[in-house]
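J.: Okay, handing you the structure first.
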Amino acid sequence: MRFSEVFSVPTNSDDDWFDAFLPADTNLFIDPFLIWEEKTGHWAGAHEHLIDFFEMVFDLVKESGGNEQSNTWKQAQKLLMFPEPYEFCLGVAESTPLGSGSGRGLQKEMLEGVKVATGLGMNRIAHMEMLTLFQGGMGVDRLSDMTCNILKSYFISYTQDVARRHNIPMQQQKVTNAAWDREFCRWKEAKVELPINPYIGKPVILTPERFLEDIPIVSPNGLWTYAWSTASEQLRGDLTFDIARNVSRREKAKLARQNPDVVALYLKHLEEEEKKPYPVHDDPRMRVRWYELGSEFAERSHLSFVPQTPDEFERFIEAVIESYRHNIEQQDGWQLLWHNGYAREERAAQNLFRSAVIHYCRANNIDLTGESNAGRGPVDFKFSQGWSQRALVEMKLVRNTRFWDGILAQQPQYQVSEEVSLGFFVAIGYRDTECNPEIKHKIDKAATLVSQQTGKKIKGILVDARPKQSASKVHDSSLSDTLKRQESEPPPEEQSETPEG
């Protein structure tokens, strides 16, 4: 359920907050550049507060003289540990808002970025994203985690204002990184009044919709694209653009450190670009409304098979996938996988599947985990009923450039890593070339081949998500012609009965 449902909140024109889905993370992120644009009101000083934090870290690093054993260096290390801000219910965790946060590896790289910046004579930066370029460009989720932690005091007071306006009950709860202290250079834990997320028993913190983005704004590749299109030929040579597109992020970070003036120009360019938040209500990538759409999907399903014994677990998973396929192919479910004439990305198909089948699983005491870590990377879905009854489901678009690697290599590797004998590879086709019988035949052959070689049972399934005509417009020309021929033929002559005798 969403925040508004849990707390029965009737929204009005004053409500600009994102209505978070409380049982799990929504795959959106807080973009610092969107906060930077705030010039008035509650958020006017937020970006400056963000930069002040890094100025504090800069001062500690300079004071340490680069000595990693000094107290000031270690204090800077502590400041650059950003725990998962689960209170926001944003990020990439599928099954719960409780994620991992920034580990010590990222902390070390961020500190290296600060050290480089101070070595370049920088005492203060205009955007913290500069440091992410110097350290190679951390993921957008980590950048969002940093922003949530550093500005948590702003978000807390914002949430309290919303709660008071709607008479939402709040409880006093301990919040990690509730604020930071410039005088003592440390994080401050505090007990604050906040609404409680009933799914995890922990506080909820809200954010304005206008701060949310779907993709990273600042990235190493973005820097090279910018410099390639704007810098002089000499600069291009200095930055070795002929290899920059294919080198590791560490090498790209090195090139950024060697050319801080280009980095500064790139960030200035981003300041001047028009930036738009993710269109939450239109939701073109199905980041937000997947649960509601999946619920509607499940409601019109005719799935009736209920497993009675452990031996029927496989049949149940097959029935769940078949229900998903039937809904898309025969009940206009394909429309949910298209937006304004464009086929949605792979994540949308996965989100729709998850939200549709989770209801069946709950009713039958079967655990469904999305994006579980299968040792060698994330598998899309894991179904389990105890240890012995488990299955992995991988879902890929046929148009995916790694599609055949998915069934020939990734799927069997996931099953080996998870020690799961049963797997399903679900292919989603959007075009005629992706849904023809040859593709289905090849998927079946690939599934048979890897099953024989690995000893793991894998079944291939092709879902036809092409746009369909309305049933009222469907025309079968062959049957129509047959009917016309029969109507033109004279009716058979009635046979008169011949009396006996």
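The values are calculated or read from the model by the stated rules, or taken from the named source; none is laboratory data. Source: prediction; values computed, not measured. Positions of Cβ are generated from backbone atoms using ideal geometry, with glycine treated the same way; all protein chains shown enter the neighbour counts.
J.: Can you tell me which residue among Leu368, Leu352 is under 19 Å from Glu418 (Cβ atoms) and at pLDDT below 90?
T.: After ruling out the rest, the residue left standing is Leu368.
J.: Given the condition under 16 Å from Pro32 (Cα atoms) and in a helix (DSSP H, G or I), answer yes or no: does some residue in the stretch 56-76 qualify?
T.: Taking every residue of the stretch 56-76 in turn, none turns out to be under 16 Å from Pro32 (Cα atoms) and in a helix (DSSP H, G or I).
J.: Applying the selection to the stretch 331-354, what residues are polar (S, T, N, Q) and buried (at least 22 other Cβ atoms within 10 Å of the Cβ)?
T.: Passing the criteria: Gln350, Asn351.
J.: State the number of residues belonging to the stretch 186-215 that are polar (S, T, N, Q) and part of a strand (DSSP E or B).
T.: Matching residues across the stretch 186-215 total 1.
J.: Turning to a different aspect of this structure: Six or more apart or on different chains, Cβ under 7 Å: which pairs go from a residue in the stretch 435-458 that's within 13 Å of Gln411 (Cα to Cα) to one that's among the hydroxyl-bearing types (Ser, Thr, Tyr)? Could you list them?
T.: Hits for this filter: Lys456/Ser421; Lys457/Ser421; Lys457/Ser451; Ile458/Ser451.
J.: On the given criteria, is Ala163 over 30 Å from Arg347 (Cβ atoms), surrounded by fewer than 20 Cβ atoms within 10 Å (Cβ to Cβ), assigned by TED's automatic domain parsing to the domain that holds Asp145 and free of Cβ contacts under 8 Å to residues at least 24 places away in the same chain?
T.: So Ala163 fails the test.
J.: Then there's this: Just a yes or no: is a residue in the stretch 130-152 within 27 Å of the chain's Cα centre (by Cα), modelled with pLDDT of 95 or more and part of a helix (DSSP H, G or I)?
T.: yes
J.: Among the residues of the stretch 1-22, how many are crowded, with 17+ Cβ neighbours inside 10 Å and more than 16 Å from Ile205 (Cβ to Cβ)?
T.: So the answer is 0.
J.: Name every residue in the stretch 337-346 that is over 13 Å from Asp464 (Cα atoms) and touching a helix residue (DSSP H, G or I) at 6+ places or on another chain (Cβ under 9 Å), in order of residue number.
T.: Passing the criteria: His339, Arg344.
J.: Can you tell me which residues in the stretch 61-71 are surrounded by 14 or more Cβ atoms within 10 Å (Cβ to Cβ) and modelled with pLDDT of 90 or more?
T.: Ser70
J.: Filter the stretch 411-447 down to the residues that are under 18 Å from Leu337 (Cα atoms) and of a type in the set (Asp, Glu), then identify the one that is surrounded by the fewest Cβ atoms within 10 Å (Cβ to Cβ).
T.: Looking at the filtered set, the residue picked out is Asp432.
J.: Under 8 Å by Cβ, and 6 or more places apart or on different chains, what pairs join a residue from the stretch 297-320 that is under 23 Å from Leu462 (Cα atoms) with one that is assigned to a helix (DSSP H, G or I) and polar (S, T, N, Q)?
T.: Matching pairs, first to second residue: Phe297/Asn327; Phe297/Ser355; Ala298/Ser355; Arg300/Asn327; Ser301/Ser323; Ser301/Asn327; His302/Ser323; Leu303/Ser323.
J.: Is there a residue being within 19 Å of Pro23 (Cβ to Cβ) and modelled with pLDDT of 80 or more anywhere in the stretch 387-404?
T.: no
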